[in-house]
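Encoded as structure tokens, the structure appears first; notes follow it.
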Amino acid sequence: MQQDIQALLNDQVKYEADASIQYLAMASWADANGYNGVAEFFYLQSEEERLHMTKLIKFINQRSGKVVIPKIKQPSSEYRSLNELFDLFLKSEMFVTKQINHIIHKCLELKAYNVHNFMQWYVTEQLEEEAVARTLLDKLTIIGNDKSGHYLFDRDINTIATTGHNPE
Ligand code: FEO
């Protein structure tokens, strides 16, 4: 495996790990503040990011590269509102997308076509995750400070994430 590509993939391992821990902190905050639906959503997101990280680690090892298990960044764990939580979620996903696009660009530049092919899964995943984060943040912007709106958002988060609407 080319050194430049290996370094980028290891960087990506760290970004996915950081996202996983960040979402775990967000899940815990939601849990502690009575937003059980939001908590479950972020516990699951945290698991997904961990899988994204592990998939990269396995790929680097399969290609006889060297994996560096990263030090994890301390996540922020105090949030003023659901809005702030989901704003951070979207920003985090946009950051990851930018890094993945950078890897794709480098793969083409260095003719690392097998890695390029592997990374396509991440491109699709990011499209989906960014769309979900945008949908949820848009919904919260509409709800504003309405407490009953927050209650319904928490109750219906999974439906809103997949359809963009409350069930009723
Ligand atoms: Fe694996 Fe949502 O970044």
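Readers should treat all values here as calculations from the given coordinates under stated rules, not as data from a laboratory. Everything numeric in this text was worked out from a predicted model, so none of it was measured. Cβ sites come from the backbone with ideal geometry, for glycine too, and all protein chains shown count toward neighbours.
Quote the charge dipole size of region 16-168 about the Cα centre in Debye, to the nearest 20; the model charges only the Cβ of Lys and Arg (+1) and of Asp and Glu (-1). Working shown, then result.
Working: 16 positive and 21 negative charges, 174 e Å.
Charge dipole of region 16-168: 840 debye, to the nearest 20.
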Which listed residue (Ile69, Phe95, Gln45) has the Cα farthest towards the positive end of the charge dipole for region 30-97, taking +1 on Lys and Arg C-beta and -1 on Asp and Glu C-beta about the Cα centre?
Ile69
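Per residue Cα convex hull volume for region 2-43, in cubic angstrom?
38 Å³
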Expressed in nanometres to one decimal, the distance between label points 7 Å along Cα→Cβ at Asn33 and Thr162 is 2.6 nm
The pairs in Lys14/Lys98; Lys71/Lys91; Lys14/Lys73 lying past 19 Å Cα-Cα in this model are Lys71/Lys91
Starting from the coordinates of the alpha-carbon atoms of the chain, obtain the Kirkwood hydrodynamic radius over all distinct pairs and give the value in Å to one decimal.
16.9 Å
Contact order normalised by length for the chain, with contacts defined as Cα pairs under 8 Å and 6 or more residues apart; what percent is it?
25 percent
Working out 0.36 nm times the residue gap between Glu78 and Lys55, then minus their Cα-Cα distance, what length gain in nm do you get to one decimal?
5.3 nm
I'd like to compare 72-78, 154-160, 21-27: which one has the highest average count of other Cβ atoms within 10 Å, and what's the full order after that?
21-27, 154-160, 72-78
On the principal axes of its Cα set, how long, how wide and how thick is region 1-96? Give whole Å, largest value first.
47, 20, 18
Cα→Cβ-extended label distance, 7 Å offset, between Asn117 and Lys71, nm
3.8 nm
